[in-house]
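Only one structure is covered here, and it is reproduced in the block below.
Where a number appears in this text, it was derived from the coordinates with a stated rule and is not lab data. Please read all numbers here as calculations on a predicted model, not as lab measurements. Using ideal geometry, Cβ is built from the backbone for each residue, glycine included, and neighbour counts are taken over all protein chains shown.
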Amino acid sequence: MKNQFISPKKQAFAKFLLLSLTLCVYNMLTSLSLFAQDGNAGISEATNKVKGYFDTGCDLMYAIGAVVGIIGAIKVFNKWNAGEPDTNKVAAAWFGSCIFLVVVATVLKSFFGI
């Protein structure tokens, strides 16, 4: 059935416009799949950055642990000299925290494969 109210030029232009719009939408939908990636590149880049900062972080952790360890050793020494009864408990906690610091650093190194 022919539309008698629209001229043939306008019908041809409308068909051209509809075809152009359809091609543009198709092009956009097909190009979106090109931007979707699996994320392996981002994960490996993040892993490399963490590996790069890890040695510095371990050194910082050891430095903080050394300061806290010295403070704990002074606290245990003062309790021991004062003859307080809970010296063994404080000494065990201080020694356990030092061991924990070394174990955590070793586990993290093995976890990140360094």
Problem set entry | Rounded tilt (10° steps) of 8-35 against the dominant C-alpha axis of the chain | 20 degrees
Exercise. At 222 nm, what helix-only mean residue ellipticity would the chain give, in deg cm²/dmol to the nearest 500, using -39500 (n - 2.57) for each DSSP H run of four or more?
Worked result: -31000 deg cm²/dmol
Problem set entry | Whichever lysines have a C-alpha closer than 23 Å to that of Lys75, once near sequence neighbours (fewer than 8 apart) are set aside | Lys89
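So how do Lys49, Lys109 line up by other beta-carbon neighbours within 10 Å, fewest first?
Lys49, Lys109
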Problem set entry | Those lysines that a straight Cα-Cα span of less than 18 Å connects to Lys109, excepting residues fewer than 8 apart in one chain | Lys49, Lys51
Problem set entry | Cα gyration tensor, the chain - rounded (a/c under 1.5), prolate or oblate | prolate
